1. Kindly indicate whether any position in region B:136-146 is among the basic types (Lys, Arg), touching a helix residue (DSSP H, G or I) at 6+ places or on another chain (Cβ under 9 Å) and under 30 Å from A:Gly52 (Cβ atoms).
2. Look through A:Gly9, A:Gly40 and report the one residue that is surrounded by fewer than 21 Cβ atoms within 10 Å (Cβ to Cβ), out of contact with any His (no Cβ under 6 Å at 6 or more places or on another chain), assigned to a strand (DSSP E or B) and of a type in the set (Gly, Ala, Ser).
3. Please go through region A:80-94 and pick out each residue that is at the interface with another protein chain (Cβ under 8 Å from one of its Cβ atoms) and aromatic (Phe, Trp, Tyr).
4. Sort through A:Ala151, A:Ala120, A:Ala146 and tell me the only one that's within 14 Å of chain B (Cβ to nearest Cβ), under 22 Å from A:Ser181 (Cα atoms) and part of a helix (DSSP H, G or I).
5. For region B:106-152, enumerate the residues that are of a type outside the set (Val, Ile, Thr), under 19 Å from B:Leu74 (Cα atoms) and not in a loop (DSSP other than H, G, I, E, B).
6. Would region B:212-227 turn up any residue that is under 25 Å from the mean Cα position of the chain (by Cα), more than 14 Å from chain A (Cβ to nearest Cβ) and free of Cβ contacts under 8 Å to residues at least 12 places away in the same chain?
7. Considering only region A:210-217, I want to know if a residue exists there that is among the aliphatic types (A, V, I, L, M), touching a Lys or Arg at 6+ places or on another chain (Cβ under 9 Å) and under 30 Å from A:Ala118 (Cα atoms).
8. Quick one: which of A:Val115, A:Val97 is away from every other protein chain (no Cβ under 13 Å) and within 34 Å of the chain's Cα centre (by Cα)?
Amino acid sequence: MEGAVALEGVTKRYGSETVVSDVSLTIPPGEFFTLLGPSGSGKTTTLSMLAGFVTADAGRVMLNGQDMTHVPPRGRGLGMVFQNYAIFPHLDVAENVAFPLSVKGAPKAEIQARVTEALAMVKLTGFERRYARQLSGGQQQRVALARAIVAHPRVVLMDEPLGALDKNLRYHMQVEIKEISRRLGTTVIYVTHDQEEALTMSDRIAIMNHGRIAQMGPPREVYERPDSTFVAAFLGEANLLVARRDGDRFAGPGGMPIQAGVGRVEAAEGRLFVRPEKVSIAGAGAGAGPNSLPGRVRHASFLGNVVRYEVEVAEGALVLCDAANAAGITLHPPGEAVQLSWRAEDSRLLAA
Amino acid sequence: MPIRTQGALLLLLPSLLLLAALFLIPIAWFLFGSMQEFATWSELVEEAEAVLFSGGVGRSLVNTGWIGAVVTLLALVIGYPMSYVLSRARGLAFTAILLCIVLPYFTSTIVRTYAWMVLLGRNGLINQILLGLGIVEEPLQLLYNRLGVVIGMTYVLLPYMVLTLYAAMKAVDHRLLQAAEGMGATPAQVFRRVFVPLTMHGVVAGVLITFILAIGFFVTPALMGGPSDVMIAMLIEREVEITQNWPAAAMMTVVLLAVTLTLYAVYSRFAEPGEAAR
């Protein structure tokens, strides 16, 4: 299976600390797969085990259907984009991009052709004889990208490649990386701590926490149907309201009956999850019922396309509500009494 | 900037005064004093030609350059792997290696040279071991020849080479080495195509500083060398102390000083951190 990647129960310990714990995942050829998590979640160590810089203590690393667990990096045939680019300062752009080919002793003519092609792909034609210190951050990023794809690897690993770029450039490069990977049909394994980046670029995301995969799935699925409060809070804004057991049902703030889309909680207390943009806001008195809470606007921030309300509900709890700034909406000023509501399928009951 | 420069000058003033009083003024006085022996320029040039191209001085200059070059090369060959190990060592190992390299600094060159003489002599430790093991039939002549000078000087100069190389190696970004490995380079390729080029400025600096120090050596060649291993500094000393031909000494001093300062100018150009990348 050219381009397929799999981890089977991979574990890595440093001393008494387990940094990656029993991670399993299967990535089909051509997928753009992101490892997302806070720093220290084990995502970089997981990538290092794929690259071969770190050897797994347990489990297997499979590349292209072959067991690569104990193969050194040079035997894995991967393309790589490193954090801080790792551009060789003593080589010019063309020599940098040629590096993966020249260490394999490829013929000069082939190297020349591939380097030209790779530089054209990242729009750096004409920069061949420059050195890293003569390039901007974005251009260095492109050199790193060209160098990763020059040998036409089936799998490319990227470790926070856009971390050092400013926001505009970042967005630009996100699109470009996605574009190139799609054109080449490369499997990309992408590490980032930026949830927005992960949502924009990925076919699938694995959210890591404390060395484990907390949840894995397509961006929309993990965003809208988180399995845990960690995933809910890590991926964007989330309302996590205290939900208390009341017989075989749960009740929210002020005893509001809850009808959650999914979720089973055995404990006496759980959390009701709902995204701010799924919460509707209306004037006071509009239909009470399940998943509906009266409250008072404490803050209204006008963000342009969205108005963000901070609404104080029963027991002093705060609910965030993002109302799209659509045509003809009424704004609710601070202090106004309002009624919040959401659909059952947009909410989930999660373990606290 | 001006204020900072002023402050720096003030802090450097004591050492500048010391340098002026003990080095610059005496050497200027020595050189100008010697020149005054000549009535005209042509007389001076004539004498300079006579001194510098005389057999003894010429041979000594060649000796000095040759010994300096051999010692520098040896120090580089021995020092490069040593510095590499040092740059990778951590904790106790690092302290231990560093101590081994630096500790001899605290002992005087004369003491260290005599120690080598004990080791290398006809009945010295090395010859006894070689004889005892039956490797050689007769004691090797390790002292009072070119070999002795080279061994002694290499030993004394090694720390300068090692510490200069160490500084360059410590500055190498190890992520670059890992990146090279990840892009398919073998360990030998990582070393040759990334590590060596990235430490090249250290090699140049180490070679220059070692060579500069080597060509001014006096004690070690005087004690460990033979009659044909006369280096220029020994000749200068002889002219000053024994034959009292100060003008000749002055001319040789000028040559040595000029070579040293030229090499130093090259060195300071390379040692600038901004130029490190290339």
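1. no
2. Going through A:Gly9, A:Gly40 in turn, the sole match is A:Gly9.
3. A:Phe82, A:Phe88, listed by residue number.
4. Result of the check over A:Ala151, A:Ala120, A:Ala146: A:Ala146.
5. Matches in region B:106-152: B:Arg112, B:Trp116, B:Leu120, B:Arg146, B:Leu147, B:Gly148, B:Gly152.
6. yes
7. No; the residues of region A:210-217 include none that is among the aliphatic types (A, V, I, L, M), touching a Lys or Arg at 6+ places or on another chain (Cβ under 9 Å) and under 30 Å from A:Ala118 (Cα atoms).
8. Sole residue among the options that is away from every other protein chain (no Cβ under 13 Å) and within 34 Å of the chain's Cα centre (by Cα): A:Val115.
The values are calculated or read from the model by the stated rules, or taken from the named source; none is laboratory data. Bear in mind the structure is a predicted one, so any value in this text is a computation, not a measurement. As a convention, Cβ positions derive from the backbone with ideal geometry for all residues, glycine included, and neighbour counts pool all protein chains shown.
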